[in-house]
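Each value in this text was obtained by applying a stated rule to the coordinates, not by laboratory testing. Note that the structure is a prediction, hence the values are computed from the model and not measured. All Cβ positions, even for glycine, are placed from backbone atoms using ideal geometry, and neighbour counts span all protein chains on display.
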Amino acid sequence: KVRDPDGAALAERRQSRRIMVGDVAVGGDAPISVQSMTTTVTADINATLQQIAELTAAGCQIVRVAVPSADDAEALPVIARKSQIPVVADIHFQPRYVFAAIEAGCAAVRVNPGNIKKFDDRVGEIAKAASEAGVPIRIGVNAGSLDRRLLAKYGRATPEALVESALWECSLFEEHGFRDIKISVKHNDPVVMVQAYRLLAQRCDYPLHLGVTEAGPAFQGTIKSAVAFGALLAEGIGDTIRVSLSAPPAEEVKVGAQILESLGLRQRGLEIVSCPSCGRAQVDVYTLADRVTAGLQGLDVPLRVAVMGCVVNGPGEAREADLGVASGNGKGQIFVKGEVIKTVPESQIVETLIEEALRIAEEMRAE
Ligand code: SF4
């Protein structure tokens, strides 16, 4: 179930079949995973492995690499072997790279029905090779490269067109008894994307990979993805997510993780509850919140820290949090688990909060 922080259910999770992408389960009741894609030239093995290591450190669970050339395909065995997380080969146009990726030990292969005309008559061979190797296929439909037949039929990349393209490709694999599939139907418009996934969710039981494609630079892309994923995940739709940003891929992973945490779909890590400040504020809330956030970066326990600018909502919020401060009159009342433990001068608020947070984290780890 999708749950809010108090445990109330937002929606039943859609029942999907479970597939394995390497050692990461996707679908069924598996936790919703966060994935990203490298931006390096895949053939540059060192740079690609370095970026995969950075993504892994940021919390990425599955990574995709583009395979546009033979050099990239040749790099796959080393990358698949040395990556700490499952590697998905992203393949357009060239069926032979699909076989190369399977042989290389990639955990999955992504194909795009709009770009795989030549694939259609080789689906049987692909299904056989993938099935023997236990490698699932992601059928990744993208509004920007929709199958021409469907573009002609629908006039543009409508939700129906995206879904029809995906299910058509699935049917080709199903004819060969292959169902180890996950699907994405990405569009850059969150409204169309949400409609497409809703439709798809009704029409099949394959696990769904959510994505708003070409979502834009970090600020816009974050909001588009959060809104679209939020709508779907709150309805129980979605088994793995990829946030697409015109920004370093580790940022995509952080945004993806934060979306899941915000919906209570993943245990929350550090959460700063800070007020927006207003005319009543008796302290510089922005600076205070920034300094506390910076001081606690990397803390790996679920801790809610309230930073409040005055005594109107301050004590209430600070009491609800594990730790908090309500500021006023040049002082800060420090709360731990609802109790005021001390009052400190404004200049000592940040260091006191950090000190207390580290102490609570230590206790949590010992429990
Ligand atoms: Fe304004 Fe106080 Fe609320 Fe912060 S806590 S927004 S300062 S009323």
Convex hull per residue volume in Å³, alpha carbons only, for region 61-111: 55 Å³
Simple spin-label estimate for ALA294 and GLU74 in nanometres, 7 Å along Cα-Cβ: 4.7 nm
Simple label model, 7 Å out from Cα along Cβ direction - GLU174 to GLN84, nm: 4.0 nm
Placed amide H near GLY332: partners under 5 Å, 5+ positions off or other chain: VAL344, GLU346
Selected from ALA226, PRO77, THR287, residue furthest toward positive end of dipole (the chain; charges at beta carbon): ALA226
Region 215-367 - Kirkwood radius from inverse mean 1/r over Cα pairs (Å): 16.7 Å
VAL41-GLU132 pseudo-label distance in nm [points 7 Å out on the Cα-to-Cβ vector]: 3.3 nm
Linear extension gain, THR56 paired with GLN348, 0.36 nm per residue minus alpha-carbon span: 101.5 nm
Rounded to the nearest 20 debye, dipole of the chain from Cβ charges on Lys, Arg, Asp, Glu: 760 debye
Angle in degrees between helix 285-296 and the longest Cα principal axis of the chain, rounded to the nearest 10: 70 degrees
Euclidean distance between Cα centres, region 182-227 to region 134-164, Å: 13 Å
Helix axis angle, 190-203 relative to the chain longest principal axis, alpha carbon, degrees: 60 degrees
Karplus 3J(HN,Hα) series, Hz, for region 47-54 with 6.51 cos²θ - 1.76 cosθ + 1.60 (x for Gly, Pro): 5, 5, 5, 4, 5, 4, 4, 5
Cα shape, region 102-145, gyration tensor, a/c 1.5 rule: oblate
Of ALA196, ALA357, ALA218, the one that fluctuates the most in a GNM where the chain has Cα springs shorter than 10 Å: ALA357
The chain: projected area of the alpha-carbon convex hull, averaged over directions, in nm²: 19.8 nm²
Max mean-square fluctuation residue, GNM over the chain, Cα-Cα springs under 10 Å, options SER165, SER184, SER347: SER347
Shape call, region 1-150: gyration tensor on alpha carbons, a/c limit 1.5: oblate
VAL340/ALA11 FRET efficiency (R0 45 Å; Cβ-Cβ; nearest 0.05): 0.70
³J(HN,Hα), Karplus 6.51/-1.76/1.60, whole Hz, each residue of region 235-246, x for Gly, Pro: 8, x, 9, x, 10, 8, 10, 9, 8, 9, 10, 7
Overall form of region 7-91 per C-alpha gyration tensor (a/c, 1.5; a/b vs b/c): prolate
Computed helical MRE - 222 nm, the chain, DSSP H runs ≥ 4 contributing -39500 (n - 2.57), nearest 500: -13000 deg cm²/dmol
Length added when fully stretched, ARG156-ALA366, from 0.36 nm per residue minus Cα-Cα: 69.9 nm
Most mobile of GLY279, GLY114, GLY314 in a GNM of the chain (Cα contacts under 10 Å): GLY279
Directionally averaged projected area (convex hull, Cα atoms, region 109-237), nm²: 7.9 nm²
Charge dipole magnitude, Cβ of K and R +1, D and E -1 - region 58-191, Cα centre, debye nearest 20: 220 debye
Rounded tilt (10° steps) of 95-104 against the dominant C-alpha axis of the chain: 60 degrees
